[in-house]
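Q: Below is one structure. I have some questions about it.
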Amino acid sequence: MVSFTAKSNKINSLASRCLVVGVHAGKKVKLSASAQLLDNASKKGISAIIRKGDMSGEPGSTLMLYDLQGVRAERVMLVGLGAEGKVNAGDLRKAALAAAQLANKSKVRTLDISLFDRNHGRMDMATMARQVVESIAHGLYAYDETKSGRKKPAALKSVSLLVDRSALAQAKKGVSRGAAIGEGMNLARELGNLPGNICTPSYLARQAKNMQKELPIKTKVLSEADMRKLKMGSLLSVSRGSREPAKLIIMEYKGGKKGDAPVVLVGKGLTFDAGGISIKPAGGMDEMKFDMCGGASVFGAMHAIATMGLPLNVVGVVPSSENLPDGAANKPGDIVTSMAGKTIEILNTDAEGRLILCDALTYVERYKPAAVVDIATLTGACVVALGNHATGLFSNSEKLAKELLSAGETAGDRAWQLPVWDDYTKQLKSNFADLANIGGRNAGAVTAACFLKEFTQAYDWAHLDIAGTAWHSGGNKGSTGRPVPLLVEFLLNRAA
Ligand code: BES
Ligand code: MN
Ligand code: ZN
């Protein structure tokens, strides 16, 4: 892990191993104020190099300079920020990431970043600091847990953000948030990337127990016997087809006032989804190890808010199971009784996420929650609708929906709202039970949400379908850590 700080040293006299300053793109490449300062100290050494044309100033472009006269830093790294006055969060993130990657490649252990000599775009100091830190923490993560050979930890160990003394307090706030969110995302990614034979429901339960050693979190894990007593017939029907016992993982964080209604996060923790008897096609089935990414995002968000010491009560709940074909597994046509008492006809055993979530959603009524947000890799249909850019958002409360949409916008982790009208719920009609677990081909993401909605009448609820955003396929296959930034932003706003 890289550590982050903010400080307000003078940059030309700073004994730095590597000092990063910004350069702007344009018809003529333009120095930022910090670069200008070094340019003056070095008798226009930087201008001379730039005139040679090696540096475009485009976001993320870099040029390493050594032994610049009149400057104490061993290395000065120029990094492109894009056009002056038009730098947005994405550009700043790119610049920070490129700087950290080049420093890491050069085996630099400590990095000083001076990219904050003006407020880029409409961002304040805290936002800029947070973006930079989050981007570096995210960018330096590499999965190596199940690769043999010597682990290669990043050379870069600590990063300092150099800012004006007047902005120091704000920068520190941004740094601590960015670091907590980055770490939370990386935890979610690591859990997501681990294979299904390691990351089982019991493994997730152990990780949750470990978290309470390190952070002010209280973990409870319900066993299948506990769940049987609670009559969670729907959840248990899914794990019946698996040799790994299901777990209901509960993490309580009490940062708020005693007695304040908590926000509850419920994450789908399906550690491998083969589809069950309605088995999936073989191609790409490995990616169904990512079917616990909703649960992983709850771990990540809980880790982040507990690290920040957020003044808010939050409960994270992760129903966790496998979904496999077996002699004891659910069969199409089977009818199960949920904890809420509603009977469900299982017409497709691959629509298992809603079966484990509905019982968890009933369970959390006992918290009398201020709001419940569930996060799930729930439907392929959501990927068809929104692709890999936006998370699907569904809610029974317009106010809660707006909060989440705007949190996603601010955090650069966007969601897009879809309806949960009764017109769609009608598609779930069954001749043999209160509800069917699928609603036909049309509007699959919506009917899945409508199914959940039937179990969330006791509170304000929102559902995030992250099937398209939780992981990348192809060459850079791997978990993204989304929607940890959205969730943490939402909770930060609730705490404010
Ligand atoms: N975990 C899957 C959803 C999924 C599929 C996420 C592909 C990402 C990529 C879920 O359990 C599932 O299988 N859903 C079915 C529902 C259908 C049977 C109504 C689906 O989307 O095909
Ligand atoms: Mn499935
Ligand atoms: Zn699934």
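The values are calculated or read from the model by the stated rules, or taken from the named source; none is laboratory data. This is a predicted model, so every value here is computed, not measured. Note that we place each Cβ from the backbone using ideal geometry, even for glycine, and neighbour counts take in every protein chain shown. Please note that ligands, DNA and RNA were not included when accessible areas were found on the heavy atoms of the full protein model with its side chains. Shrake-Rupley method; radii C 1.70, N 1.55, O 1.52, S 1.80 Å.
Q: Do we find that Lys229 is open to solvent by 20 Å² or more (accessible area, probe 1.4 Å), more than 15 Å from ligand 2 (Cβ to nearest atom), touching a Lys or Arg at 6+ places or on another chain (Cβ under 9 Å) and in the same structural domain as Gly474 (by TED's automatic domain parsing) in this structure?
A: The answer is no for Lys229.
Q: Name, by its number, the condition in (1) open to solvent by less than 10 Å² (accessible area, probe 1.4 Å); (2) away from ligand 3 (no atom under 16 Å from the Cβ); (3) within 17 Å of the chain's Cα centre (by Cα) that does not hold for Ser338.
A: All conditions pass for Ser338, except number (3).
Q: Continuing with this model, one more query. Looking at Asn210, Asn119, Asn193, Asn197, can you tell me which residue is under 20 Å from Phe272 (Cβ atoms) and more than 19 Å from the chain's Cα centre (by Cα)?
A: The unique qualifying residue is Asn197.
Q: Continuing with the same structure: Assigned to a helix (DSSP H, G or I) and open to solvent by 50 Å² or more (accessible area, probe 1.4 Å): does that describe Arg177?
A: So Arg177 fits the description; yes.
Q: Looking at the stretch 333-355, is at least one residue more than 10 Å from ligand 1 (Cβ to nearest atom) and assigned to a helix (DSSP H, G or I)?
A: No, the stretch 333-355 has no match at all.
Q: Now, a different point. I'm told Glu345 meets every condition in (1) out of contact with any helix residue (DSSP H, G or I) (no Cβ under 6 Å at 6 or more places or on another chain); (2) farther than 22 Å from Phe299 by Cα; (3) open to solvent by 50 Å² or more (accessible area, probe 1.4 Å) except one. Can you identify the failing condition by its number?
A: Every listed condition holds for Glu345 apart from (3).
Q: Among the helices (runs of 4 or more DSSP H) contained in the stretch 357-432, which hold 2 or more residues that are farther than 30 Å from Gly178 by Cβ?
A: By residue number, 380-386, 422-425.
Q: Continuing with this model, one more query. Output the residues belonging to the stretch 365-381 that are away from ligand 1 (no atom under 16 Å from the Cβ) and surrounded by fewer than 24 Cβ atoms within 10 Å (Cβ to Cβ).
A: Answer for the stretch 365-381, where residues must be away from ligand 1 (no atom under 16 Å from the Cβ) and surrounded by fewer than 24 Cβ atoms within 10 Å (Cβ to Cβ): Glu365, Arg366, Tyr367, Lys368, Pro369, Ala370, Ala371.
Q: Still on this structure, please answer the following. With the checklist (1) in contact (Cβ under 8 Å) with a residue 60 or more places away in the chain; (2) over 31 Å from the mean Cα position of the chain (by Cα) in hand, flag the one item Leu38 doesn't pass.
A: Condition (1) is where Leu38 drops out.
Q: Which residue pairs have Cβ atoms closer than 8 Å, lie 6 or more positions apart in sequence or on different chains, and pair a first residue in the stretch 281-305 that is open to solvent by 10 Å² or more (accessible area, probe 1.4 Å) with a second residue that is of a type in the set (A, V, I, L, M, F, W, C) and more than 14 Å from ligand 3 (Cβ to nearest atom)?
A: Between residues of the stretch 281-305 that are open to solvent by 10 Å² or more (accessible area, probe 1.4 Å) and residues that are of a type in the set (A, V, I, L, M, F, W, C) and more than 14 Å from ligand 3 (Cβ to nearest atom), the close pairs are Lys289/Leu194; Lys289/Cys199; His303/Ala180; His303/Leu187; His303/Met211; His303/Leu215.
Q: List the strands (runs of 3 or more DSSP E) that sit entirely inside the stretch 235-332 and contain at least 3 residues that are within 16 Å of ligand 3 (Cβ to nearest atom).
A: Where strands (runs of 3 or more DSSP E) fall fully within the stretch 235-332 and carry at least 3 residues being within 16 Å of ligand 3 (Cβ to nearest atom), they are 269-273, 313-323.
Q: Of the conditions (1) within 16 Å of ligand 1 (Cβ to nearest atom); (2) open to solvent by 100 Å² or more (accessible area, probe 1.4 Å), Ala445 satisfies every one except a single condition; which number is it?
A: Tallying (1) within 16 Å of ligand 1 (Cβ to nearest atom); (2) open to solvent by 100 Å² or more (accessible area, probe 1.4 Å), Ala445 fails exactly one: (2).
Q: Take Gly149 and decide whether it is crowded, with 22+ Cβ neighbours inside 10 Å and farther than 16 Å from Arg109 by Cα.
A: Considered against the rule, which asks whether it is crowded, with 22+ Cβ neighbours inside 10 Å and farther than 16 Å from Arg109 by Cα, Gly149 comes out as no.
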